[in-house]
Amino acid sequence: MSTETIEKFISEFARSLDEKTFVKMTLGNYKGADEHLQKAMVRLIETKKGTRLFFLYRYNTRDTAKNYAFDEGIKLLRSMLGTEFFAGHLFTTVNDFQLDIGKKGKARLNVAKPTFKSKPSLGHDREKKRFVNADSFYLRALGITTDRGEVRDKQQDKWKQINKFVETLGSLFDKSQLKDRKHLKIVDMGSGKGYLTFAAYDYFKNIRGIDAQVTGVDTKQNLVDLCNDIARAAEFDGLQFVHGSIGDFELNDVDVLIALHACNTATDDAIFRGIKAEADLIVVAPCCHQEIRPQIRPPEMLKNVLKHGIMLEREAESITDGLRALLLEKSGYETKLFEFVSTEHTPKNNMIVGTKQKQIKEAEKLDEQINSIKNFYGIREQRLESLINQAEARA
């Protein structure tokens, strides 16, 4: 093993940290025991404990992350090079260093002109006039932006969706009874990789200065672990991710319930959870409207229209979301249903918003309207209505 060349690479890494010229580092050509690990990426992050090294480990189907002090990171690098990772690429503002370790342990170190002439921002502060700052650490860690704070080409649609979501959420908040709150509890049901959950927390906590406690709930443990790693690295103390399903997660004290793109009746489960918890604001973007479509028996006047699959699908989506809005109104919420992102950016773009009201208006008339719609289309049951009726029967 050519330890001298490897030590040269490590010493250049240590020197770049000491002289503040370090930009980032990638480790590849993994040959360790974990068959799913592909590579590791290292960058700096500013924390309350000072500047630290953020290691992001990329696997086939998941990512994990952890922070290290400089001395810990250097020690870790020394233990991994030549035993697990057999390639390293160090980027500094002075030079780039490419390390390759061959099968027989022979190592080669190439030095080139720097790719980066300036270092990326490390802090979490942002310009006050912007909803989302592309240079935010969590966006880089989640792969939305590059180390230079530039939105990746393949993430442009996601970037637009994040911005529009935060802008919409902020506007809804300002028009609700929550607008003067200094403390806010938000739960994001089906948070996934957490793009919108991070953005919501960052917006309310760091731009609006509200003491926000945000919880993301998801069924995939690997995504929960990754998001918690990044939240800790970003020192988002009021943000946590937990493992659970929408139907089973115990929801009690919550101000804002979010459920974006929860599949099929999971959206109904989320709305019901929000109603039961008396959330002041319920924000959902439905996905995969499968429950009502097979139940629909087209009335005579629409038989030749709804015989076409695409027309039946769109009708089923409209009826499903319309019934959800009416059921929210029956439960004491003022509702809005609108397109929050253009279809060119995402095909799942309708948003239903329920804002808690002090009094329930015309519950009997709403009941009559719901039953009339169901009878007209031959709909036997709808998940949200069933959940509400079951809860009322138990009360």
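Taken along the Cα-to-beta-carbon direction at a fixed 7 Å, the label points for Asn389 and His243 span 3.6 nm.
With coordinates expressed along the principal axes, the C-alpha atoms belonging to the stretch 142-274 extend over 41, 34, 26 Å, beginning with the largest. Dipole orientation for the stretch 254-331: of the candidates Leu326, Leu260, Gly274, Leu326 has the Cα lying most toward the positive pole (charges on Cβ; Lys, Arg +1; Asp, Glu -1).
A simple count of charges around Leu251, restricted to other residues whose Cβ falls under 12 Å of its Cβ and scoring Lys, Arg +1 and Asp, Glu -1, yields -4. Nearest 10 degrees is fine. How inclined is helix 221-233 to the longest principal axis of the chain, computing both from alpha carbons? Relative to the chain, helix 221-233 is tipped by roughly 60 degrees. Given a Förster distance of 22 Å, report the FRET efficiency between Arg293 and Lys160 from their Cβ-Cβ distance, rounded to the nearest 0.05. So, using R0 = 22 Å, E works out to roughly 0.15. For the pair the stretch 223-251 and the stretch 365-379, the centres of their Cα atoms are 39 angstrom apart.
Residues Lys31, Lys160 ordered from highest to lowest accessible area at a 1.4 Å probe: Lys31, Lys160.
To the nearest 20 Debye, how big is the dipole of the stretch 79-216 about its Cα centre, given +1 on the beta carbon of each Lys and Arg and -1 on that of each Asp and Glu?
Details: 26 positive and 16 negative charges, 27 e Å.
For the stretch 79-216, the charge dipole is close to 120 debye.
Please work out the FRET efficiency for the pair Glu4 and Tyr68, using the Cβ-Cβ distance as r and a Förster radius of 30 Å; give the result to the nearest 0.05. The calculated FRET efficiency here is 0.75.
Compute the relative contact order of the chain as a whole-number percentage, counting only Cα pairs closer than 8 Å that sit 6 or more residues apart in sequence. Provide the component values of the computation, followed by the final result.
Numbers: 717 pairs, mean separation 43.7, N = 395.
Relative contact order for the chain comes out at 11 percent.
Roughly how many Å is it from the Cα centre of the stretch 129-156 to that of the stretch 1-15, as a whole number? The stretch 129-156 and the stretch 1-15 have Cα centres separated by 32 Å.
The modelled label-to-label distance for the pair Ser372/Thr83, using points 7 Å beyond Cα in the direction of Cβ, is 7.5 nm.
In a simple Cβ point-charge model (Lys, Arg +1; Asp, Glu -1; nothing else charged), the stretch 60-119 has a dipole of about 200 debye relative to its Cα centre. Ligands, DNA and RNA excluded, the heavy atoms of His89 present near 50 Å² of accessible surface to a 1.4 Å solvent probe. Each of Thr64, Thr115, Thr47 was placed along the dipole of the stretch 1-128 (beta-carbon charges, centred on the mean Cα), and the one lying farthest toward the positive end is Thr115. Here's the picture: charge each Lys and Arg Cβ at +1 and each Asp and Glu Cβ at -1 in the chain, and of Gly309, Phe204, Gly244 the one pushed furthest to the positive end of that dipole is Phe204. Electrostatic bookkeeping for Val151 treats Lys and Arg as +1 and Asp and Glu as -1; over the other residues with beta carbon under 11 Å from its beta carbon, the sum is +2.
The length gained by stretching the chain between His183 and Asp96 to full extension, at 0.36 nm per residue less their Cα-Cα distance, is 26.7 nm.
Ser171: net charge of surrounding residues, Cβ under 14 Å, Lys/Arg +1, Asp/Glu -1, itself excluded?
Working: positive: Lys164, Lys175, Lys179, Arg208, Lys336; negative: Glu167, Asp174.
Once all neighbours under 14 Å are counted, the net charge is +3.
Approximating the spin labels as points 7 Å out from Cα along Cα→Cβ, the Leu302-to-Glu381 distance works out to 2.2 nm.
Rounding to the nearest 20 debye, state how big the charge dipole of the stretch 268-395 is about its Cα centre with +1 on each Lys and Arg Cβ and -1 on each Asp and Glu Cβ. Don't skip to the answer; put the middle values down first.
Details: 19 positive and 21 negative charges, 35 e Å.
It comes to approximately 160 debye.
Looking at the chain, send over the antiparallel percent of its DSSP beta bridges, to the nearest 5. So the antiparallel bridges in the chain amount to around 70 percent.
Could you order His243, His261 by accessible surface area, starting with the largest, using a probe radius of 1.4 Å?
Working: His243 105, His261 60 Å².
I get His243, His261, largest accessible area first.
Using C-alpha pairs below 8 Å separated by at least 6 residues, the relative contact order for the stretch 14-103 is 31 percent. Each helix, a run of at least 4 DSSP H residues, gives -39500 (n - 2.57); summed and divided by the residues of the chain, these come to -11000 deg cm²/dmol at 222 nm.
Loop-located trypsin sites (Lys or Arg not before Pro) in the stretch 251-335 (DSSP state other than H, G, I, E, B) with a sparse environment of at most 12 neighbouring Cβ atoms within 10 Å: Lys307. Using a probe of 1.4 Å on the protein chains alone, the accessible area found for Phe97 is around 10 Å².
The values are calculated or read from the model by the stated rules, or taken from the named source; none is laboratory data. In this text the structure is predicted, and so the values were computed from the model without any measurement. So basically every Cβ, Gly included, is an ideal-geometry build from the backbone, and we count neighbours across all protein chains shown. Note: areas computed on protein heavy atoms with side chains; ligands, DNA, RNA excluded. Shrake-Rupley method; radii C 1.70, N 1.55, O 1.52, S 1.80 Å.
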